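Questions regarding the structure given below will be posed in turn.
The values are calculated or read from the model by the stated rules, or taken from the named source; none is laboratory data. Worth saying up front: this structure is predicted, and the values here are computed from it rather than measured. Cβ coordinates were reconstructed from backbone atoms using ideal geometry, including for glycine residues, and neighbour counts include every protein chain displayed. Quick note on the areas: whole protein, heavy atoms, side chains included, nothing else; ligands and nucleic acids left out. Shrake-Rupley method; radii C 1.70, N 1.55, O 1.52, S 1.80 Å.
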There are 2 protein chains.
Amino acid sequence: MEIRELRYFVAIAEELHFGKAARRLEIAQPPLSRTIARLERQLGVTLLERTSRKVTLTEAGAVLLSEGRAILSAVAAAERRTQQAAQRRPRLVLAVKSGTAGELLAKLLDAYRTEPGAATVDLLLCEAHQHQKLLQDGQADVALLHLPFDSTLGLDTETLYTEGQVAILPSSHPLAGRSQIRVAEVTAIPELPMARWPGPGGSYPEGPGAEVRNLTQLFQLIALGRTTVIMPESAGTDLRRDLAAVPVLDAPPVTTVIAWPPHSRLRAVADLIRVATRL
Amino acid sequence: MEIRELRYFVAIAEELHFGKAARRLEIAQPPLSRTIARLERQLGVTLLERTSRKVTLTEAGAVLLSEGRAILSAVAAAERRTQQAAQRRPRLVLAVKSGTAGELLAKLLDAYRTEPGAATVDLLLCEAHQHQKLLQDGQADVALLHLPFDSTLGLDTETLYTEGQVAILPSSHPLAGRSQIRVAEVTAIPELPMARWPGPGGSYPEGPGAEVRNLTQLFQLIALGRTTVIMPESAGTDLRRDLAAVPVLDAPPVTTVIAWPPHSRLRAVADLIRVATRL
DNA sequence: GTCGATCGATGTCGCTCAGGTATCGCTGCA
DNA sequence: TGCAGCGATACCTGAGCGACATCGATCGAC
């Protein structure tokens, strides 16, 4: 099995159409048909059921699609990282969700900068749920994740710290003065339905609350008395005057972890992790 | 970058000798030289420093070696799993260390067997530290691991249960009658140096204790009054008459987890994991 | 210092196979 | 029934893989 064959197969499996896949791959359709046919012959397995009107994946094809995507990411990552390693000045790309982990991040970068042989750290601000992809295809070397929100599937991690969660409410709201609150009480406020964040697929879950994509939006909507949210304590420090944070007793604690791809060999990654765990 | 090029590069990087690598790959040496040269040209990176007497890896080469090995395993896994998925009867390979987790394993297999659409589960008894490799190159689909002994690097896991550790002593030993004991007391018994297990590389750590490879050997040596060991409670049930298990107060608890490769798409794996977490 | 052995690079050649164009055969729809 | 759309097949060209022969550099033996 060759990378080229895998690229071709993944393209068809995603398009379920030889012609479209060929256009996407910028080749003609016949070589594509032949390549897939040979791949099937070599594996001794039917990957696609095709009629002249429809193409569908077999069970085996679905498995190869999933494994193949992972392999293609890994190859892209290998190329990027190899080229990166050949540079004189080592560089390190750290992926973080925009707007989170402010203080921890500053402390981490400060501490790492003083390390002997410290690499230049580039920050890659990303959307939620993107970390994994960025690490797997080599666009990032390390990431800061928040459990239980982010997935650590296939990544190696070290726990940095754990914190409680707070509800963010308009200061004027009757509950804003409470010293603590329960999840059920927050979710039961009829006039303030919980804000909705995009899921892993980029689409929003069903619900009455506002759809938000970043903290600025969110805080504005809360201040306007349109929504509320439960989020980690650290994101609720230094709030605008018109917002209040109330600790939520029974919300699951949020753990910040540092994550990296499992076979990372970069000295800079090892150094950064060591610094992070000592904070 | 193609798989063939990667296979060639990994062979050279491991042998550090074009001739030997060519023999291992069962090709002549010149095509090997040319393939590597072209790979370097395409990546724009020097992977190997070569004189006519010695070949060494560059920094970038070391990175590509590590990434390349992972990719080659992933490709082997993809081929195996795709072929497996094409079989009528779904099969599932579960890797377990020989001699451990007896009762849990039996319960798990029993519970899974009653699932609708349950696959045939093949047990793959393996040496310690092998799990990861088996999962990564597709020889196994799921594994039972024991933290903190085994590494879960690059695997996804669910915790099954946690247990304390016991010291296994000859029944005749003065400490055998104790209801509990401390690590320091066990390691300080001069006539019973702690048994040594092979490390990840297959070699034994330094020390005075006996070198053991399985439980039968170990128990025999303990019964003979030559060594002792600290191990999970469950491995110390149903001991021979001439052995005694004493709970060790301050030994770290051992967690049994079920682990699988992160992008596993097999229904059977998902089912087994669900059953396992409900035990 | 010289010679021979060792090792990676290079030159040349045959052949496989990737990719292109043209075309066929099947299927669903108007 | 005719047509449009789609994948398979036939055939051709050229790139590149691999084999063999050979070169040039380096190190050790004497």
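Picking from B:109, B:65, B:104, which residue would you name as being within 11 Å of chain A (Cβ to nearest Cβ), at negative phi and not in a strand (DSSP E or B)?
Exactly one residue qualifies, and that residue is B:65.
Tell me the residue from A:237, A:162, A:256, A:216 that is among the hydroxyl-bearing types (Ser, Thr, Tyr) and either within 22 Å of residue A:134 (Cβ to Cβ) or open to solvent by less than 20 Å² (accessible area, probe 1.4 Å) (or both), please.
The unique qualifying residue is A:256.
Hey, among B:12, B:27, which residue is within 11 Å of DNA strand C (Cβ to nearest atom), farther than 22 Å from residue A:136 by Cβ and either open to solvent by less than 60 Å² (accessible area, probe 1.4 Å) or among the polar types (S, T, N, Q) (or both)? Give the derivation first.
Working: B:27 fails: within 11 Å of DNA strand C (Cβ to nearest atom).
Criteria check complete, one pass: B:12.
Could you tell me which numbered condition residue A:117 fails, if it satisfies all but one of (1) surrounded by 20 or more Cβ atoms within 10 Å (Cβ to Cβ); (2) modelled with pLDDT under 85; (3) at positive phi?
Tallying (1) surrounded by 20 or more Cβ atoms within 10 Å (Cβ to Cβ); (2) modelled with pLDDT under 85; (3) at positive phi, residue A:117 fails exactly one: (1).
Looking at (1) in a helix (DSSP H, G or I); (2) in contact (Cβ under 8 Å) with a residue 60 or more places away in the chain, which is the only condition residue B:149 fails?
Here residue B:149 meets the rest and fails (1).
Pairs needed: first member in region B:130-145, in a helix (DSSP H, G or I); second member anywhere, among the acidic types (Asp, Glu); C-beta distance under 8 Å; at least 6 residues apart or different chains.
Matching pairs, first to second residue: B:131/B:150; B:132/B:150; B:135/B:141.
Only one of A:35, A:56, A:46 is under 23 Å from residue B:83 (Cα atoms), under 30 Å from the mean Cα position of the chain (by Cα) and more than 8 Å from DNA strand D (Cβ to nearest atom). Can you tell me which?
Matching residue, one of A:35, A:56, A:46: A:56.
When you scan region B:225-243, do you find a residue that is touching a Lys or Arg at 6+ places or on another chain (Cβ under 9 Å), outside the structural domain of residue B:94 (by TED's automatic domain parsing) and at pLDDT below 85, even just one?
no
Further, regarding this structure: I'd like to know if region B:2-16 contains one or more residues that are near DNA strand D (Cβ under 7 Å from one of its atoms) and farther than 21 Å from residue A:79 by Cβ.
no
Something else about it: Can you tell which of A:274, A:265 is of a type in the set (Lys, Arg), within 14 Å of chain B (Cβ to nearest Cβ) and without any contact (Cβ under 8 Å) to a residue 24 or more places away in the chain?
Just one listed residue meets the conditions, A:265.
Among the residues that make up region A:32-45, is at least one of them touching a residue at least 60 places away in the same chain (Cβ under 8 Å), within 26 Å of residue B:260 (Cα to Cα) and within 13 Å of chain B (Cβ to nearest Cβ)?
First, the residues of region A:32-45 that are touching a residue at least 60 places away in the same chain (Cβ under 8 Å): none.
Checked against the condition, which is being touching a residue at least 60 places away in the same chain (Cβ under 8 Å), within 26 Å of residue B:260 (Cα to Cα) and within 13 Å of chain B (Cβ to nearest Cβ), region A:32-45 yields no hits at all.
Moving to a separate point now. Yes or no: residue A:92 assigned to a strand (DSSP E or B), within 14 Å of chain B (Cβ to nearest Cβ), touching a residue at least 12 places away in the same chain (Cβ under 8 Å) and under 30 Å from residue B:48 (Cβ atoms)?
It is true that residue A:92 is assigned to a strand (DSSP E or B), within 14 Å of chain B (Cβ to nearest Cβ), touching a residue at least 12 places away in the same chain (Cβ under 8 Å) and under 30 Å from residue B:48 (Cβ atoms).
Now for a different question. Would you please list the contacts, defined by Cβ atoms under 9 Å and residues six or more apart or on different chains, that run from a residue in region B:11-31 that is part of a loop (DSSP other than H, G, I, E, B) to a residue that is away from DNA strand D (no atom under 11 Å from the Cβ) and among the β-branched types (Val, Ile, Thr)?
Listed by first residue and then by second, the contacts come to B:16/B:55; B:16/B:56; B:17/B:55.
Among the numbered criteria (1) surrounded by 17 or more Cβ atoms within 10 Å (Cβ to Cβ); (2) in contact (Cβ under 8 Å) with a residue 24 or more places away in the chain, which single criterion is violated by residue B:67?
Going through the list (1) surrounded by 17 or more Cβ atoms within 10 Å (Cβ to Cβ); (2) in contact (Cβ under 8 Å) with a residue 24 or more places away in the chain, residue B:67 breaks only (2).
OK, next. For region A:34-62, how many residues are assigned to a helix (DSSP H, G or I), surrounded by 12 or more Cβ atoms within 10 Å (Cβ to Cβ) and either within 9 Å of DNA strand C (Cβ to nearest atom) or charged (D, E, K, R) (or both)?
Summing the residues that are assigned to a helix (DSSP H, G or I), surrounded by 12 or more Cβ atoms within 10 Å (Cβ to Cβ) and either within 9 Å of DNA strand C (Cβ to nearest atom) or charged (D, E, K, R) (or both) in region A:34-62 gives 3.
Can you tell which of A:155, A:192 is modelled with pLDDT under 85 and open to solvent by less than 40 Å² (accessible area, probe 1.4 Å)?
A:192
Please state which one of A:86, A:78 is crowded, with 17+ Cβ neighbours inside 10 Å, within 8 Å of another protein chain (Cβ to nearest Cβ), free of Cβ contacts under 8 Å to residues at least 12 places away in the same chain and over 30 Å from residue B:268 (Cα atoms).
Criteria check complete, one pass: A:86.
Please go through (1) within 30 Å of residue A:112 (Cα to Cα); (2) over 25 Å from the mean Cα position of the chain (by Cα) for residue A:233 and return the number of the only condition it doesn't satisfy.
(2)
Can I ask one more? Going by what's in this entry, would residue A:57 be described as among the hydrophobic types (A, V, I, L, M, F, W, C) and more than 28 Å from residue B:75 (Cα to Cα)?
So residue A:57 does not fit the description; no.
Restricting to region B:47-62, name every residue that is within 14 Å of chain A (Cβ to nearest Cβ) and hydrophobic (A, V, I, L, M, F, W, C). It would help to see each step written out before you state the result.
First, pick out the residues of region B:47-62 that are within 14 Å of chain A (Cβ to nearest Cβ): B:47-49, B:57-62.
B:47, B:48, B:57, B:60, B:62, listed by residue number.
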